[in-house]
Amino acid sequence: MSVEELVLFIFEMVGTVAFAISGAMVAIKKRVDVFGVIVLSAMTALGGGIVRDILIGHLPPTMFSDYRYVMVAVITSVIVFIVAYIFRDSYRKSEKTVDAVNNVFDALGLGVFTVMGAKVAIESGFTVNGILVVCLAVVTGGGLIRDVMLMEIPFVLKKRIYAVASILGGTAYHLMYIHNVNVRAASIIAVLVVFAVRILATVFKLDLPKVR
């Protein structure tokens, strides 16, 4: 494995763990059972990648051809469930803290998977199609499948400048790539852009305008 491949793998694993933790915490909050926690956690971590791979014709999706990602997501969700179960009284009483921790992991996962979505699009030969690159970045990091499974309007469409953060990160990565910025540096900068926008939006309670 080359250094570039190793960095990419580490990025993917960090994003998988971060989104798996976020998905598990959301599932626990919705009071689903342990199987539901595992499924929703896995779909949060891997569902966006499935949609991305289908859109670009990469079949079967990575989730089904490299089981390491599924294993990491499942193990992470089980650990989160066990911790929440053992300390369930404290867990329920600390809702604000839990939400804050969840938001940090969600922001990190969003940043990493936004970059991975853009990177996969570019490596698949769509460099000149900036709109597609950014769209795949947003799809990969959106957590859409999780929210649909919970019968909710996807979080990406309604709260805390979520999609906008992903769009900014995907655009930043694409622009840096076409201007020959070092790929590792571009990846880190784009992740930080998404993370910073999400955290700032949460801290200052920023949302896009709504009719009501």
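The values are calculated or read from the model by the stated rules, or taken from the named source; none is laboratory data. Computed from a predicted structure; not experimentally measured. Cβ coordinates were reconstructed from backbone atoms using ideal geometry, including for glycine residues, and neighbour counts include every protein chain displayed. Just so you know, the surface numbers come from the protein's heavy atoms only, side chains and all, with ligands and any DNA or RNA stripped out. Shrake-Rupley method; radii C 1.70, N 1.55, O 1.52, S 1.80 Å.
List of remarks:
- Solvent-accessible area per residue for the range 164-212 (1.4 angstrom probe, square angstrom): 64 Å²
- Taking the accessible area of the chain, probe 1.4 Å, and keeping the other protein chains in place, the carbon and sulfur fraction comes to 71%.
- Nearest-ten-degree value, helix 162-178 long axis tilted from longest Cα axis of the chain: 30 degrees
- Charge dipole (the chain, unit charges on Cβ, about Cα centre) - positive-most of ALA186, VAL51, ALA165: ALA165
- Legend: Rg and Dmax of the chain, from Cα coordinates, 16.7, 53 Å.
- Size of charge dipole - the range 1-78 - debye, nearest 20, with Cβ of Lys, Arg +1 and Asp, Glu -1, no other charges: 440 debye
- Taking the chain and dividing mean pair separation by its residue count, relative contact order in percent (alpha carbons under 8 Å, at least six apart): 22 percent
- The range 63-128, accessible area per residue, ligands and nucleic acids excluded (1.4 Å, Å²): 56 Å²
- Taking Cα atoms only, the orientation of helix 183-203 departs from the longest principal axis of the chain by about 40 degrees.
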